[in-house]
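Engineer: Before anything else, here's the structure in question.
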Amino acid sequence: MKYFSAFASRLFASVLLCCASGLATAAESGATYEAPLPVQLSTDPDLCAYVPCKDVIPGADSFSKRMGKPAYVEAYANTSDSDDAPETDGAKASADENGRKLIGYVFLSTDIVDIPAYSGKPVVTLIGMDTKGTITGVRVLRHSEPILLLGIPESELTKFIKQYVGKFVGSKIEVGAGRPDQGVLGLDAITGATVTVIAQNQVVLRSGVQIAKQVGIIKPTIRPQAKFKQAEGNRDWNTLVDEGSVEHLRVETADVGMPRSREPYIDMYFGYLNAPGVGRSILGDAVYEGLMSRLKPGEHAIFVVANGIESFKGSGFVRGGIYDRVQVAQDMDTFTFRDLDYLNLYAIRADGAPSFRESAIFIVRSPTFSAAYPWHLVFLGNKMDPQTGVRTFANFNQKYWLPARHLEGGRPEIVEPEATWVTVWKTRKTEVILFVLWLAAAGTVYALRDKLVRRATYKDRRWKDVPKLLLWLTSIGFVGFYLLAVPSITQVLTWFHAILFEWRWELFLSDPFIFLFWIFIIVTVFFWGRGMFCGWMCPYGSLSEIVYKLSGKLGLKRFQRHLLPQRWHDRLKWVKYGVFAVLLAVSFYSMGMAEKMAEVEPFKTTFLVGVWNRTWPFVTFWLLLLLASMFFERPFCKYLCPLGAALAVPSTFRWWGLKRKKECGPCAACAVGCGSQAIDPSGRIDQRECLLCLDCQVLYYDDHACPPLAQERKRRTKAGEPLTPIGANGYFIPITPAAATVAPAAAVRQSAPAWIGQEVFDHLFPWSRKVFQQPILLQATTFALTILVTWVWVLGAAGRIGPGIVLGWWSAWSVYELVVRMRCKPYVKDGPWWGRNLRPASWADMAAYVTFKNLLIAATLFLIMKGTGVLDYLSDVPGLEWLY
């Protein structure tokens with residue numbers, strides 16, 4: 001016993017030491033992950049003073065300042081001593097008066113496009129292109145993709161972007177297999193990072209095409225011009241907005257990383273004035289006629305009006321300069337405005353139009369723009385990252401498509417580009433269908449568990465074990481190694497942050513398998529607890545279980561320790577909850593640091609990267625866990641897994657538990673064989689620790705193994721009585737029907753209002769009614785604390801205080817409520833949440849209940865108040881300023 005305890009302690013310490021070493025190595029290996037960039041990078045005219053421009057355009061020895069809109073720099077080679085400079089042709093490639101030859105262009109992706117990758121942040125990329133439009137080099141300067149830090153080696157991204165070198169920016173290039181017969185070039189993807197590479201493909205090609213069009217390498221696409229119908233009377237402002245003739249773009253202060261304000265960052269309305277039905281309604285007949293007489297063929301007038309604390313004209317605008325805060329985008333074309341493209345807009349003539357702080361008319365002077373097709377007004381806001389404090393420009397855009405009633409023949413037929421996540425789902429349609437069938441099969445098998453365990457016996461458990469073994473093998477091979485669909489604690493942290501800061505469905509839909517897996521996990525956790533996923537479907541848990549069983553078959557069974565001593569288990573099982581709590585707390589300080597610390601999960605090393613691709617700390621950590629799994633059953637799952645801890649907390653609310661008998665308290669037959677060590681001395685199963693192996697349920701129906709059943713079987717056999725089937729309650733069905741007795745009066749069923757009132761009182765108020773019998777001072781203190789906590793939560797939800805303070809108050813209140821409930825209401829529900837089956841609560845039971853209940857209440861109230869506009873209303877009420 002002492003030997004195994006000492007061995008377990010040393011092994012556990014070694015695992016933690018290697019985990020810490022791995023985190024340090026991860027921080028060093030992710031060279032461009034969240035790499036700090038100079039604050040001047042996006043604004044300084046001398047781009048190449050801050051980035052290695054020579055790396056992306058070989059042969060260049062000097063560079064111009066930033067020019068054009070969007071910005072780029074010209075790359076030159078000195079013709080006097082650069083005989084090896086790339087050969088180019090055309091007028092622009094000739095040497096200038098200083099003996100320099102223009103050989104290409106260098107541009108920064110974030111100066112041109114703002115396409116988020118899987119992390120929700122853009123990959124900052126430096127791109128070089130020669131004067132013929134051929135890409136000469138691509139270099140990633142900064143990314144926020146956690147999979148490229150702790151999962152896939154960053155070298156894979158470098159290998160991917162090198163595929164662009166030598167390709168023309170105007171070519172049709174797609175991630176995946178090429179189609180030469182259709183002129184489509186293919187790129188080898190990065191397995192496990194599909195969304196990242198699809199987004200990066202769009203970044204490189206769209207940036208390159210825009211610069212190539214600007215410098216004349218690619219000729220512009222001339223779209224058919226719109227033909228307008230005559231106006232059918234002027235319309236009021238609300239009608240114009242409702243029909244889409246006037247569009248609305250609103251950016252809140254929170255969207256740019258600023259504290260929430262009563263005033264928006266900017267609140268813009270805009271529309272296309274050339275259409276008579278719009279122009280006459282907005283400007284009035286006289287002003288409209290005058291404006292149209294000033295426009296030349298191919299010129300288009302767009303009006304913009306706005307309120308807010310920011311200006312769409314830009315505070316740094318000077319005469320002769322560019323309005324750098326607004327631009328118009330149509331497909332791959334971008335149109336910017338100089339001072340000569342600006343006209344004053346003095347008034348809006350449409351009835352019901354609100355007042356505005358600033359207004360303007362901008363002229364698009366390009367034959368490539370067509371009002372018959374959709375376009376976007378793009379506003380560039382100065383956004384601050386709330387975690388790093390770094391400021392960057394972010395694009396906020398709103399689509400505009402002139403309503404069909406203004407166009408002769410209506411709107412043209414167009415094919416809108418698919419969202420990235422839609423492309424991912426379509427390209428993996430077969431795998432998605434197979435994965436859904438696998439999930440359905442797993443759910444069906446477990447739903448039929450009662451039939452399976454009845455057919456099995458304690459000595460022959462094949463009816464239960466064979467389906468589980470098939471799920472384990474498919475989970476490892478198909479789900480883990482092929483689909484790379486391995487749920488992780490990082491996704492739980494992302495969910496927390498998405499609720500608090502910004503919910504984007506495309507972020508969760510970008511990986512179809514993880515998205516579907518999490519829907520299944522959430523449902524089954526509330527149905528049966530964490531054991532459905534952790535015990536039957538987790539790829540790493542399945543691998544760990546098979547390693548343990550194979551080791552026993554290969555001669556190590558005599559050295560295997562099926563169970564740790566109970567006192568050690570009762571201590572070590574809390575470690576995973578501590579790991580989860582630390583990761584959650586750190587994520588509010590730095591999500592990047594939390595993602596690095598999440599390497600405590602060996603999932604990435606096992607499935608996403610491969611052990612052979614990792615450095616020695618990760619390999620050592622992985623080998624130690626493998627060694628532990630050979631001698632102990634699922635050591636990582638039971639003692640270290642933060643994902644298991646996160647799923648264990650809501651398992652307290654599971655609807656259907658495992659069956660028990662009244663004899664299960666004094667009898668320890670099930671507890672002796674419980675691999676999860678989840679059965680306490682009273683016979684109760686701890687659903688947070690149970691991995692649903694179902695061995696106890698096999699015993700439940702086995703009349704040779706379950707002591708109460710075996711005793712009854714022997715008694716009947718000795719008495720010559722027949723053995724009747726075993727009922728759902730785990731006992732032999734009586735031979736003769738029980739004598740009829742007068743049934744007790746049925747309990748009066750609670751009315752719905754009474755039930756709701758009881759539930760509200762139970763969940764929202766930790767005190768019992770005895771609190772009203774306490775001294776007045778104590779009552780006042782109690783309710784003052786309640787009001788204070790509620791006020792802090794409202795301030796946090798309204799964006800008035802930071803999430804760290806909210807999290808601190810939430811934690812403090814949860815601790816307070818935990819103590820109060822253990823004194824006033826020391827019970828929790830057992831079974832479905834709508835029932836009233838109460839049982840005495842342990843401290844662990846109450847902690848899980850209070851934590852998850854408070855999280856659900858806070859998230860639900862936040863979503864309701866945000867969706868109904870209550871939060872915006874509260875932050876806009878001047879009379880509540882004294883609260884803030």
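Engineer: Within segment 167-188, can you find the residues that are in a strand (DSSP E or B) and of a type in the set (Ser, Thr, Tyr)?
Structural biologist: Selection gives nothing.
Engineer: Oh, and also: Would you say residue 654 is more than 23 Å from residue 575 (Cα to Cα) and not assigned by TED's automatic domain parsing to the domain that holds residue 190?
Structural biologist: Taking the combined requirement at face value, the residue does not satisfy it.
Engineer: Which of (1) surrounded by fewer than 22 Cβ atoms within 10 Å (Cβ to Cβ); (2) at pLDDT below 90 does residue 243 not meet, given it meets every other one?
Structural biologist: With respect to (1) surrounded by fewer than 22 Cβ atoms within 10 Å (Cβ to Cβ); (2) at pLDDT below 90, residue 243 is out only on (2).
Engineer: Assuming residue 350 fulfils every condition listed in (1) in a loop (DSSP other than H, G, I, E, B); (2) out of contact with any Lys or Arg (no Cβ under 6 Å at 6 or more places or on another chain); (3) over 30 Å from residue 404 (Cα atoms) apart from one, which condition is it?
Structural biologist: For residue 350, the exception is condition (3).
Engineer: A further question on this structure: So residue 438 clears everything in (1) at pLDDT below 95; (2) assigned to a helix (DSSP H, G or I) except one condition, right? Which one?
Structural biologist: Among (1) at pLDDT below 95; (2) assigned to a helix (DSSP H, G or I), the lone unmet condition for residue 438 is (1).
Engineer: Among the numbered criteria (1) modelled with pLDDT of 75 or more; (2) assigned to a loop (DSSP other than H, G, I, E, B), which one does residue 741 miss?
Structural biologist: Going through (1) modelled with pLDDT of 75 or more; (2) assigned to a loop (DSSP other than H, G, I, E, B) one by one, residue 741 breaks only (1).
Engineer: Give the residue that is surrounded by the fewest Cβ atoms within 10 Å (Cβ to Cβ), with candidates limited to residues of segment 314-336 that are among the charged types (D, E, K, R) and modelled with pLDDT under 85.
Structural biologist: My answer is 319.
Engineer: Would you confirm whether or not segment 667-676 contains a residue that is of a type in the set (S, T, N, Q) and in the same structural domain as residue 578 (by TED's automatic domain parsing)?
Structural biologist: yes
Engineer: Determine whether segment 633-645 contains at least one residue that is hydroxyl-bearing (Ser, Thr, Tyr), under 25 Å from residue 567 (Cα atoms) and not in a loop (DSSP other than H, G, I, E, B).
Structural biologist: yes
Conditions (1) at pLDDT 85 or above; (2) of a type outside the set (D, E, K, R); (3) within 30 Å of residue 618 (Cα to Cα); (4) assigned to a loop (DSSP other than H, G, I, E, B), marked per residue:
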{"site": "54", "(1), (2), (3), (4)": "yes, no, no, no"}
{"site": "74", "(1), (2), (3), (4)": "yes, no, no, no"}
{"site": "84", "(1), (2), (3), (4)": "no, no, no, yes"}
{"site": "125", "(1), (2), (3), (4)": "yes, yes, yes, no"}
{"site": "128", "(1), (2), (3), (4)": "yes, yes, no, no"}
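Engineer: Now for a separate question. Given the conditions (1) at pLDDT below 95; (2) surrounded by 18 or more Cβ atoms within 10 Å (Cβ to Cβ); (3) polar (S, T, N, Q), and given that residue 430 satisfies all but one, which numbered condition is not satisfied?
Structural biologist: (2)
Engineer: Of the residues 176, 216, 151, 133, which is at positive phi and modelled with pLDDT under 85?
Structural biologist: Going through 176, 216, 151, 133 in turn, just one is at positive phi and modelled with pLDDT under 85: 176.
Engineer: Only one of 582, 611 is modelled with pLDDT under 85, within 30 Å of the chain's Cα centre (by Cα) and more than 30 Å from residue 702 (Cβ to Cβ). Can you tell me which?
Structural biologist: Being modelled with pLDDT under 85, within 30 Å of the chain's Cα centre (by Cα) and more than 30 Å from residue 702 (Cβ to Cβ) holds for just one of 582, 611, which is 611.
Engineer: Restricting the search to segment 670-688, which residues are in contact (Cβ under 8 Å) with a residue 24 or more places away in the chain and either closer than 21 Å to residue 728 by Cβ or crowded, with 23+ Cβ neighbours inside 10 Å (or both)?
Structural biologist: Within segment 670-688, 670, 676, 684, 685, 687, 688 qualify.
Engineer: Additional query: Exactly one condition in (1) within 30 Å of residue 527 (Cα to Cα); (2) part of a helix (DSSP H, G or I); (3) not hydrophobic (A, V, I, L, M, F, W, C) is false for residue 654; which is it?
Structural biologist: Exception for residue 654: condition (2).
Engineer: Being farther than 24 Å from residue 412 by Cβ, assigned to a loop (DSSP other than H, G, I, E, B) and of a type outside the set (Asp, Glu) is the filter here, so list the residues in segment 222-268 that pass it.
Structural biologist: Across segment 222-268, the qualifying residues are 233, 234, 257, 258, 259, 260, 261, 262, 264, 265.
Engineer: Out of all the residues in segment 231-274, which are of a type in the set (Ser, Thr, Tyr) and farther than 30 Å from residue 285 by Cβ?
Structural biologist: Passing the criteria: 253, 261, 265.
Engineer: Here is a follow-up. Scan segment 527-550 and tell me whether some residue there is at pLDDT below 90, touching a helix residue (DSSP H, G or I) at 6+ places or on another chain (Cβ under 6 Å) and not in a loop (DSSP other than H, G, I, E, B).
Structural biologist: No; the residues of segment 527-550 include none that is at pLDDT below 90, touching a helix residue (DSSP H, G or I) at 6+ places or on another chain (Cβ under 6 Å) and not in a loop (DSSP other than H, G, I, E, B).
Engineer: Starting from segment 655-669, take each residue that is closer than 24 Å to residue 835 by Cβ and list its partners that are in a loop (DSSP other than H, G, I, E, B) and among the acidic types (Asp, Glu), counting only C-beta distances under 9 angstrom and pairs at least six apart or across chains.
Structural biologist: 657/830
Engineer: Could I ask something else about it? With the structure loaded, tell me whether residue 296 is assigned to a loop (DSSP other than H, G, I, E, B) and over 41 Å from the mean Cα position of the chain (by Cα) or whether it fails that test.
Structural biologist: Yes, satisfied.
Engineer: Report the residue count in segment 822-870 for those that are in a helix (DSSP H, G or I) and modelled with pLDDT under 75.
Structural biologist: 9
Engineer: Pull up segment 385-398, narrow it to residues that are farther than 23 Å from residue 69 by Cα and not small (Gly, Ala, Ser), then point me to the one that is modelled with the highest pLDDT.
Structural biologist: Looking at residues that are farther than 23 Å from residue 69 by Cα and not small (Gly, Ala, Ser), I get 385.
Engineer: So residue 506 passes all but one of these: (1) under 9 Å from the mean Cα position of the chain (by Cα); (2) surrounded by 16 or more Cβ atoms within 10 Å (Cβ to Cβ). Which condition number does it fail?
Structural biologist: Of (1) under 9 Å from the mean Cα position of the chain (by Cα); (2) surrounded by 16 or more Cβ atoms within 10 Å (Cβ to Cβ), only one is false for residue 506: (2).
Engineer: Moving on to the next point. Every residue in segment 564-576 that is surrounded by 17 or more Cβ atoms within 10 Å (Cβ to Cβ) and out of contact with any helix residue (DSSP H, G or I) (no Cβ under 7 Å at 6 or more places or on another chain), please.
Structural biologist: Scanning segment 564-576 gives a single hit, 569.
The values are calculated or read from the model by the stated rules, or taken from the named source; none is laboratory data. It should be emphasised that the depicted structure is a prediction, and the values quoted were computed from it without experimental measurement. When we count neighbours, we look across all protein chains shown, and the Cβ atoms used for this are built from the backbone with ideal geometry, even at glycine.
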